[in-house]
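The block underneath contains the structure these notes are about, expressed in structure tokens.
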Amino acid sequence: MSDPITVSLFHRMNFRDEENLLDRTVQGVISTPMDRPEGPLKVSGTATYADEDHPPGTVYGWLVRATITKGWVVGLNSRALRRMPGVLAVIRDERMIRNPAQGGDAKSPYQGPAEVFYKGQPIALVVAETFEQARDAATAAQAEYLDRSHKAVIVPAEAEYETPRGEQSSQGDLDRAMQEAAFSVDVEYTTPSMSHASMEPHAAVAWWQDGRLTVRGSYQMLNTNAQELADALGVSPKKVRILSQYVGGGFGSKLGISHEAVGAAIAAQKLGRPVAVALHRRQVFETTHRRSESRQRVRLACDAEGRMTAVGHEVWVSNLPGESFSEPVTQSTPFTWAGENRLIGHHIGRLNLNGAGSMRAPGEAIGVPVTEAAMDELAEAAGIDPVEFRLRNIPEVDPSSGKPFSNNRLAECIRRGAEKFGWADRPKQPGSRREGEWLIGMGMSAIIRVNMMGPSTARVTLNPDGTALVETDMTDIGTGSYSILTQIAAEMLGLPPEKVTTMLGDSDLPPSIGSGGSRGAASSGTSVMLAAKALRKKIAERMDCDPDDLTLKDGTAIAGNRQRSLSDLLAGDTLEGTGTIKPGLAEMHHRQASWGAEFCEVAVSSVTGEVHVRRLSGVFAAGRILNAKTARSQCLGGMIFGIGQALHEKVETDARDGNFVNRDLAEYHVPANLDVPHIDIELLMDDRDAYANPMRAKGIGELATCGTAAAIVSAIANATGHRFRHFPVTLDKVLEKLG
Amino acid sequence: MDVTLTVNGAQHDLRLDDPRVSLLDALRQHLDLNGTKKGCDHGQCGACTVIVNGRRINSCLSLAVMHDGDEITTIEGIGTPDDLAPMQRAFIRHDGFQCGYCTPGQIVSATAMLEELRQGWPSQLSDDLKNPELTDEEIRERMSGNICRCSCYPNIVDAIRETAEGAA
Amino acid sequence: MRPFDYTRAHAPADAVGAEARIIAGGTNLLDLMKLQVETPDRLIDINHVGLDRVERDGDGLRIGALVRNSDLAADPAVREGWPLLSKAILAGASAQIRNRATTGGNLMQRTRCYYFYDIDAPCNKREPGSGCGAIGGNNRQHAILGASDHCIATYPGDMAVAMSALDAVIEVEGPAGKREIRAADFHRLPGDTPQRDNELQSGEMILSVRLPAPLGGRQIYRKVRDRRSYAFALVSVAAVVVMEAGRMATARLAFGGVAHKPWRVPAAESLLTGQPPSPELFDRAADAVLAGARGQGHNDFKIPLLRRTLGAVLAEATQESK
């Protein structure tokens, strides 16, 4: 076979897209609710996840937990452990890490297992011939400590807070605006530490061959993950390959490499054998990142007509000492609602708890529910319907920066959502509707998530037989990457999707931004689009036409009245296109966000305080929808995340020693099937954002969760007449108010 | 320790050196049947659901040695990529999964659940404990032992209802 | 999980008196063994000893110790005559667990206390003398009744709460022979020996549970918890009320999630018996149930929650017609 003919296309997103190519292609695959191409593998249990398909001779590692909260490990009963059946190694290596890498770090997290910063921190790895032996031996580990737990800071109220200068902002005079306003609210909300709780526990299987490490793990951002792991191990990134073809959920918890990857790699190196380290569910909870708890003060004010004059949002979050990540709670506050007097405050405290990191929609996921719940309070204070109140306060331009919006469909989402939900039927008087013992209420929230993009490269190969291969190190963590990348290539090349194969999840493939921050689809999708566009140019050359005059459909190239099959046109050649997208000025001069509105009906037991979500619906605008089915599923998932956030989920920390006491799925309550009603979702299929990227698509994976909890707590307020400002709203809190 | 398991109709004679091996780990590590997933290893998520002698159970909360002579159906026995069962096809059509990790457990569980319902087993929602019907609420309750963090629950319910109606 | 010897029993006699931990469904024991909360040297598997039938016993029923929770809940005779038992079982765990868990094993279920489950935390139940982590710690799920300075754990199950209300009797056999224990007396209060959950003596094994003749009336099991399914009770109320001529001829109550055992208060039942229903009377019954109740901080809400839930359950149970 001859070498492929290569072509590449690079695009920096400096200006608005003028071409709108995906509205001019004719294959008709893009945006359709196509079934996931990997579906047959997933439903039959044949998709391979991290801790599977072990190489021959694989042995098992189990991490040892610190039983103090702060201090140093000065000894371990390693000799006794080594004498236990099957034990091959007890590893305490300076390269082991304290906490997982943050998304995009591209370098090792803090290293050294000797210093303990939180209870449960991994301090050693025990490796044995079998899983059962490793688990037993690791449980028998006994460390000697220089115990400084009494100096640990566990409770946010006792933390010292830093106030990073770059994260504060102010305009106008908030205090004065609050004093002079016709109506105002000055409220404090809290949100607890939460856990991602992806169904697949973090796991890594590591083996070295000819000086090169391969890790099959469960990670979201392979390009930077390989760099993180290489940096931790002290080897060149070229010596590390990470495979994550299927990732059993991430939600941000697998953005960076974690203890299991470093531990497995070191052990495999020392033993010369493949080593599998899968975190036990309790270890997932206590050693991987949490979402930071937050305290949020919100000040909002409006005039007598309900026009907002002030927006203040100050937040206090936490992380381990030295960690740069700080939950960007106020991220969408500067631009969502009008008001000339504004203040943003951000404070980060240092706690001896497991590290805080990104969890589905870091920032807005906990910021929007609070500001939106406060909006509901202000609307009530002003005596204006919450829908109407919001419609009066959507700004023309970003009120903080004066930048125009790339587009803003918020009003339409709110109007459409209100109509579909039957908002007009909302009880006007809180606490006025009752069915037996159940109090019924309705609430709503605006939904906002900033839109982002990251550098991404993909390769699309057009084979002589007219089939295509898409390759990038992008991951599919359930988001639908396999689906949309297949659809984009099929649409651009005029192929039925079954003629396109998409290969993902291998760090040896062209680097993408990975899955995180709702950037994946827009970024990697655009790289695939550009690669295919490069191929279109080559095909146009062979058709002897201008690329603008080329039509590709069902494997046939058409120009004017001429048409030829692609395989004919290729004449045995292989065409290989590479596309690269990088963010540019477009995101600097236009405010970009995805938009939505959600509506909720709850029933609250006047006997027990139990809250049931009876109806939930949402309308969303996120630019071009690439796959109507997977996009809808992302919204479902986000909204149900919001149910958990509003009603169930909380990391219970023992205030005495920082122990994460409910570190299992029996006691950390994520929603179960019965907690979730029918959910109605509408996507604005006509939405396009020309400033986002050439596909005119925006992020949708995190959008839907950014406000759900506000719709729910506002519905609870409507049902009961009481405000609940401390998440989650468990029945004990409701009971206290019911009287 | 010799253990004979009949898995998806095929007899496997296992020599287990260690009685601590769970049924789940026997399937995954000793028989290379990785379709059955380990989500929590403590009966708190349902990802490891298999059917043993006609009943769905959590394979993580059972020792392999306790199942000598038992008949076990795993997801691999429900249908293969080339020959999917109606429930599997319905899960694809309704997007009853995202990451796919809880999915084998959901499908095995749903398959057994419909049989339980056919036999008239009540649930906590069946007020009179008699003649339970296949309402969405009944499906939700009966599937609540299978946690899905991607939260495809409404799609899962749709897939199961459609499969049940198709089979009726 | 520590290594252990495994043997399979073929008849109850193989297990009675054996110096081994009995494993049946294993849904709780293996859970705890994986965390080394339980570390038996020997396991004896009783899944093949029979005892897996629900049989008529005069007007009552005899339930074998190995009858699975699912089978018991779906048993036509139980559904007809003792619906409280079906409802309580169905309110617990998940279908998968109920398919495996057994009648005897469910009675032996251990507490869900966070500190009991954590071998690095103090727990007098797991390691006598080590202290109680829950007192002064995270105790939202813990006992408000019958707790001691040594332990504030709760019995977490549902089935036994119904059995207690139904006056079930547990038949056990040990080296010294067979004996019977009232379900209401089977579980203990922690006192200064919280390591002992129940009255079963070393070497004894549960053979069966006997239910006396059906009570009829309204039978309600209401379980209040943090999510609608697949969660343990914060408070549960089991009630059987037989109405005659506008008065409560029979009233049986038992409570779960509030004590180290299913909580039954004969004084509260006597208060109700023979009386016409009224909210005031229900409140007095709640006073009787809650006599001596004490919160630990995070679980203080269980006191009003029990009162309110009891009131609602009794109101429903005494409604003239539905």
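The values are calculated or read from the model by the stated rules, or taken from the named source; none is laboratory data. These numbers were taken from a predicted model, which means no experiment stands behind them. Cβ atoms come from the backbone with ideal geometry, glycine included; neighbour counts cover every protein chain shown.
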Within region A:470-480, can one find any residue that is buried (at least 20 other Cβ atoms within 10 Å of the Cβ), of a type in the set (Val, Ile, Thr) and either more than 22 Å from the chain's Cα centre (by Cα) or not in a loop (DSSP other than H, G, I, E, B) (or both)? yes
Inside region A:81-126, can you point out the residues that are touching a helix residue (DSSP H, G or I) at 6+ places or on another chain (Cβ under 7 Å) and of a type in the set (Ser, Thr, Tyr)? A:Ser108
Any residue at all in region A:631-652 that's more than 22 Å from the chain's Cα centre (by Cα) and in the same structural domain as A:Ala717 (by TED's automatic domain parsing)? yes
Only listed residue being surrounded by fewer than 17 Cβ atoms within 10 Å (Cβ to Cβ) and closer than 30 Å to C:Asp57 by Cβ, chosen from C:Pro175, C:Pro156: C:Pro175
Matching residues in region B:94-114 (farther than 18 Å from A:Val247 by Cβ, within 7 Å of another protein chain (Cβ to nearest Cβ) and β-branched (Val, Ile, Thr)) number 1
How many residues does region A:160-207 contain that are outside any strand (DSSP E or B), in contact with a Gly (Cβ under 6 Å, 6 or more places away or on another chain) and more than 30 Å from A:Phe131 (Cβ to Cβ)? 2
Being within 24 Å of A:Leu504 (Cα to Cα) and acidic (Asp, Glu): is that true of A:Asp23 here? no
Counting only residues that are under 25 Å from the mean Cα position of the chain (by Cα) and over 30 Å from A:Ile558 (Cβ atoms), how many does region A:14-35 have? 0
Determine which single condition B:Leu117 fails, assuming it passes every other condition in (1) within 30 Å of C:Ile46 (Cα to Cα); (2) in contact with a Leu (Cβ under 7 Å, 6 or more places away or on another chain); (3) at the interface with chain C (Cβ under 9 Å from one of its Cβ atoms). (3)
Looking at (1) closer than 22 Å to B:Gln124 by Cα; (2) more than 22 Å from the chain's Cα centre (by Cα), find the lone condition where C:Arg308 falls short. (2)
Sort out which residues of region C:29-72 are surrounded by fewer than 24 Cβ atoms within 10 Å (Cβ to Cβ) and either modelled with pLDDT under 95 or of a type in the set (S, T, N, Q) (or both), and write them in order of number. C:Gln36, C:Thr39, C:Asn47, C:Ser70
Taking the conditions exactly as written (assigned to a loop (DSSP other than H, G, I, E, B), in contact (Cβ under 8 Å) with a residue 40 or more places away in the chain and of a type outside the set (Asp, Glu)), does A:Ser512 satisfy them or not? yes
Would you confirm whether or not region A:626-643 contains a residue that is touching a Leu at 6+ places or on another chain (Cβ under 9 Å) and at positive phi? no
Only listed residue being more than 11 Å from chain A (Cβ to nearest Cβ) and in contact with a Leu (Cβ under 9 Å, 6 or more places away or on another chain), chosen from B:Asp13, B:Asp41: B:Asp13
Within region A:671-696, track down each residue that is surrounded by fewer than 24 Cβ atoms within 10 Å (Cβ to Cβ), facing chain B (nearest Cβ under 10 Å) and part of a loop (DSSP other than H, G, I, E, B). A:Pro677, A:His678
Strands (runs of 3 or more DSSP E) contained in region C:1-111 and holding at least 2 residues facing chain B (nearest Cβ under 8 Å) and in contact (Cβ under 8 Å) with a residue 12 or more places away in the chain: C:5-8, C:42-45
Candidates A:Gly707, A:Gly637, A:Gly699, filtered to the one that is within 14 Å of chain B (Cβ to nearest Cβ) and in contact with a helix residue (DSSP H, G or I) (Cβ under 8 Å, 6 or more places away or on another chain): A:Gly637
Name the pairs whose Cβ atoms lie under 6 Å apart, with the first residue in region A:398-416 and under 20 Å from A:Ala690 (Cα atoms), the second among the hydroxyl-bearing types (Ser, Thr, Tyr), and 6 or more positions between them or separate chains? A:Ser406/A:Tyr691
Filter pass, A:Glu702 being in contact with a Pro (Cβ under 7 Å, 6 or more places away or on another chain) and charged (D, E, K, R): no
Pick from region C:119-129 the residues that are within 13 Å of chain A (Cβ to nearest Cβ) and without any contact (Cβ under 8 Å) to a residue 60 or more places away in the chain: which of them is farthest from the chain's Cα centre (by Cα)? C:Asp120
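To keep it simple, each residue is scored yes or no on (1) in a strand (DSSP E or B); (2) farther than 26 Å from C:Leu61 by Cβ; (3) in contact (Cβ under 8 Å) with a residue 24 or more places away in the chain; (4) away from chain B (no Cβ under 14 Å).
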| residue | (1), (2), (3), (4) |
| --- | --- |
| C:Pro214 | no, no, yes, no |
| C:Ile220 | yes, no, yes, no |
| C:Ala239 | yes, no, yes, yes |
| C:Leu271 | no, yes, no, yes |
Within region C:124-176, how many residues are assigned to a loop (DSSP other than H, G, I, E, B), of a type in the set (Ser, Thr, Tyr) and under 19 Å from C:Val258 (Cβ atoms)? 3
Tell me, please, whether a residue that is assigned to a helix (DSSP H, G or I), more than 14 Å from chain C (Cβ to nearest Cβ) and in contact with a Lys or Arg (Cβ under 9 Å, 6 or more places away or on another chain) can be found in region A:719-739. yes
Given the conditions (1) more than 10 Å from chain B (Cβ to nearest Cβ); (2) surrounded by 24 or more Cβ atoms within 10 Å (Cβ to Cβ); (3) in contact with a helix residue (DSSP H, G or I) (Cβ under 7 Å, 6 or more places away or on another chain), which single one is not true for A:Gly642? (1)
Within region B:26-75, how many residues turn out to be surrounded by 23 or more Cβ atoms within 10 Å (Cβ to Cβ), among the charged types (D, E, K, R) and either within 19 Å of B:Ala10 (Cβ to Cβ) or assigned by TED's automatic domain parsing to the domain that holds B:Gly100 (or both)? 1
When (1) over 16 Å from the mean Cα position of the chain (by Cα); (2) at negative phi are applied to C:Gly58, the one that fails is (2)
Mind listing whichever residues of region A:36-80 are in contact with a strand residue (DSSP E or B) (Cβ under 6 Å, 6 or more places away or on another chain) and within 28 Å of A:Gly480 (Cβ to Cβ)? A:Ser44, A:Ala50, A:Asp51
So how many residues does region C:292-322 have that are part of a loop (DSSP other than H, G, I, E, B), among the basic types (Lys, Arg) and free of Cβ contacts under 8 Å to residues at least 40 places away in the same chain? 1
